[in-house]
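Colleague: Below you'll find the structure I mean.
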Amino acid sequence: MPSFFVMSHGKRRSELTTSDSSTTVERSIALLWELYANPEGLSASDLARRLDTQRTALYRLLRPFLRTQFIRRDDRKRYYLGFGITALARAVAEPIESLVRDTLQKLADATDCSAMIIADTDGILVTVASASPQRPGMHVAAPPGFVHENNDVALRAIDAGRGGAAGNDLLADAARPFSNENRGSATTIALPLHVPIIGSDACILLASVTPFRLDDVLPLLSHACEVVAHSQDP
């Protein structure tokens, strides 16, 4: 099974707190990342310690987030990401999903693999759209917003596609650098993708809990990359 993990936020938090930009803005971003990484919720003391700030300053930081429902607090005074975040996420995801939804679903059903578009957002690999096979069974789940860590297959494909290389140009070599192989079979494979609306380097990745033959899925994956890449053409 492909190894998908939520990113480690320790390094990211360190990068934010040592930034030269606005301390309040950076601390606000770090606050949201901490709540993302801890869906079970965090107390004010936990957050103050993790953000290296005083509780008084933390409450000032929390107030506008609570008012706009980007952060919520339960009866135990633990803090969580709020439902206001989903409105922002929907506004980002919907224009992309409307363009690629049908193509990804057809690819997932034809290959019996989960199909996802993964983008490099400032060094973090994030699913921006995905589809799972409609056939009942166990399938890989990496919905929009899912953060990938140690996903070498996606990273290789994205790196290879930087500069505008077309998926077809890389197809002959795709089985070697962009697949996760196991005795001639694979559980993941990806090809570079370039779509202006995404605004960053990306790839389409197929993932399955059971091995599949590269030769069987490569033509289908390549065709899907072409369709998605031209989805914004007039």
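Colleague: Failed condition for LEU206, given (1) over 19 Å from the mean Cα position of the chain (by Cα); (2) touching a residue at least 12 places away in the same chain (Cβ under 8 Å), with all others met?
Modeller: (1)
Colleague: Return the residues of region 209-234 that are in a loop (DSSP other than H, G, I, E, B) and free of Cβ contacts under 8 Å to residues at least 60 places away in the same chain; say none if nothing qualifies.
Modeller: ARG213, HIS230, ASP233, PRO234
Colleague: Can you tell me which residues in region 103-142 are within 19 Å of ILE197 (Cβ to Cβ) and either among the basic types (Lys, Arg) or part of a loop (DSSP other than H, G, I, E, B) (or both)?
Modeller: Result: ASP122, single match.
For (1) among the aromatic types (Phe, Trp, Tyr); (2) more than 29 Å from THR188 (Cβ to Cβ); (3) within 23 Å of the chain's Cα centre (by Cα), each residue gets a yes or a no:
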| residue | (1), (2), (3) |
| --- | --- |
| GLY41 | no, yes, yes |
| ALA48 | no, yes, no |
| ARG60 | no, yes, no |
| ARG67 | no, yes, no |
| ILE71 | no, yes, yes |
| THR86 | no, no, yes |
| ASP102 | no, no, yes |
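FYI, it's all coordinate maths here, none of it is from the lab. Worth saying up front: this structure is predicted, and the values here are computed from it rather than measured. Don't worry about glycine lacking a Cβ; one is built from the backbone with ideal geometry, like all the others, and counts go over all protein chains shown.
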